[in-house]
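> Structure below; questions to follow.
The values are calculated or read from the model by the stated rules, or taken from the named source; none is laboratory data. All figures in this text were calculated on a predicted structure; none of them were measured in a lab. Glycine also receives a Cβ, built like all others from the backbone with ideal geometry; neighbour counts cover every protein chain displayed. The accessibility values were calculated without ligands, DNA or RNA, using every heavy atom of the protein model including side chains. Shrake-Rupley method; radii C 1.70, N 1.55, O 1.52, S 1.80 Å.
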Amino acid sequence: MKKIVVLSGAGVSAESGLKTFRDNDGLWNNYRIEEVATPEAWEDDMELVLDFYNQRRKQLYEVEPNPAHFALARLEEKFDVDVITQNVDDLHERAGSKKVLHLHGELKKVRSTRDPKLVYVLDGWELKNGDTCELGSQLRPHIVWFGEMVPNMLPASEIASLAEIFIVVGTSLQVYPAAGLLRYVRPEAEKYLIDPNAHDFSYIPNLKFIRDKAGVAVPILVDNLMKTLDK
Ligand code: OAD
């Protein structure tokens, strides 16, 4: 089976009702990264950080995957598909994608502040000051904050290097190291960038721009890719 690798960002979940980060009404217009998404923020004001991620988690329980997530899951009928996502939501999984690698963590999970290997699925949306791991230490969101290592970058780069078709959808490609994954993709691989406001990445070989919303453009691209196998 031909190998397709998808790199997704907040834009793929926008039509489900989750805000992106850097669009005009994005999350980073209403919050400062330094106040809610760094280890220093956790040290300075744990309640604010907990509240920020509790609100995100609560909202996640209220939304559903959209046609872009479902179309990407459908690709698996005919291709070997890996989804590498910067998103902390679980909408790819809920749509049916089987191989999803989260670069920036997962909202529904929490982990020990003493032993990062102790990761749990949170029961419900609210993580509270005083909720502890089995060692008695405070639990924190299972999120990669700015300034922290991205542990899944190594497997992600290996997966990207195997792509025969690479689909980038709904990411501003502004946050590294995730944005650097394109460098691992072979020059001869077909590449698609789906984003209504895609920046100019014309220096990347074989890159086709699809300047439309994910919910519209992804199902069309998926249908076209499936049809190429019928010929
Ligand atoms: P951004 O908010 O930076 O970019 C979202 C992209 O989605 C923009 O390029 C939009 O044009 C595009 N977009 C908006 N609506 C869309 C739609 N309906 N269909 C397709 N594209 C659409 O989000 P990311 O690139 O995902 O990290 O941000 C990367 C990381 O920065 C996030 O994972 C998060 C954030 O800070 C952490 O919190 C660690």
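> Taking amide H atoms as placed 1.01 Å from N in the peptide plane, list the residues 5 or more away in sequence, or in a different chain, whose amide H sits under 5 Å from that of Leu101.
It is Val83, Ile84, Thr85, by chain and number.
> Further question: For the chain, find the longest principal axis of its Cα atoms and tell me its angle to the long axis of helix 46-60, 0 to 90°, nearest 10.
40 degrees
> Further question on the same structure: Highest GNM mean-square fluctuation, the chain, Cα pairs closer than 10 Å: which of His142, His199, His92?
Most flexible of the set in this elastic network: His199.
> OK, next. Beyond a 19 Å Cα-Cα separation, which of these cross-linked pairs lie in this structure: Lys191/Lys227; Lys58/Lys128; Lys58/Lys109; Lys78/Lys227; Lys108/Lys213; Lys2/Lys99?
Lys108/Lys213
> So, one more: If only Cα atoms are counted, what is the Rg of region 32-91, and what is its Dmax, in Å?
Considering region 32-91 through its Cα atoms, Rg and Dmax are 16.2, 49 Å.
> Compute the FRET efficiency between Asn129 and Trp28 as 1/(1 + (r/R0)^6), taking r as their Cβ-Cβ distance and R0 = 25 Å, and round to the nearest 0.05.
Efficiency computed from Cβ-Cβ geometry: 0.50.
> Largest first, what is the accessible-area ranking of Trp125, Trp28 with a 1.4 Å probe?
So, going from the largest accessible area down, we get Trp125, Trp28.
> Kindly report the accessible area of region 74-222 per residue (heavy atoms of protein chains, probe 1.4 Å, no ligands, DNA or RNA), in Å².
Ligands and nucleic acids excluded, the figure is 48 Å² per residue.
> Only Cα pairs under 8 Å and at least 6 apart count here; give the relative contact order of the chain as a rounded whole percent.
It rounds to 24 percent for the chain.
> Work out Dmax and Rg for the chain from the C-alpha atoms and quote the Rg first, both in angstrom.
Gyration radius and largest Cα-Cα distance of the chain: 17.9, 60 Å.
> Where in the chain lies the longest segment free of GluC sites (Glu not before Pro) that are both loop residues by DSSP (not H, G, I, E, B) and have at most 11 other Cβ atoms within 10 Å?
Of all site-free stretches, the longest is 63-133.
> Treating the angle as unsigned and between 0 and 90°, give the value, to the nearest 10°, between the Cα long axis of helix 214-230 and the longest Cα principal axis of the chain.
On a 0 to 90 degree scale, this one is about 40.
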